[in-house]
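The values are calculated or read from the model by the stated rules, or taken from the named source; none is laboratory data. Note that this is a predicted model, so its numbers are computed, not measured. Cβ: placed from backbone, ideal geometry, glycine included. Neighbour counts: every protein chain shown.
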Amino acid sequence: MEITEHQQRGTRIKPAIPPKLKPMRHSATKTTKSERITVLLRRTKGASIKELMNATGWQHHSVRGFLSGTLVKQKGLKIASDKANGERRYRVIAAELAS
């Protein structure tokens, strides 16, 4: 094992500090998962849990939690739930109809 010049002098070499990375920016055209869900729910036929899961990549319990926690409790939207042909569909009720 060779001894380097710095080791002989007892000096330490400071590790190189990497330059700061710029934060990643999302393009203006990219939609958030929240926006995707809201668009699907505003359709006249609404959306099923499976459609919402496919749009976001979330599991069913995460989608339902988002509906009740974020849309209803935080954003104050009114969500209607209908079951037809064995499939439950959710949709946003217009503000003037919900009052």
| query | Which one of Val63, Val39, Val72 is assigned to a helix (DSSP H, G or I), at pLDDT 95 or above and of a type outside the set (Ser, Thr, Tyr)? | reply | Val63
| Under the condition of being out of contact with any helix residue (DSSP H, G or I) (no Cβ under 9 Å at 6 or more places or on another chain) and polar (S, T, N, Q), which residue from the stretch 49-72 is nearest to Glu87 (Cα to Cα)? | Asn54
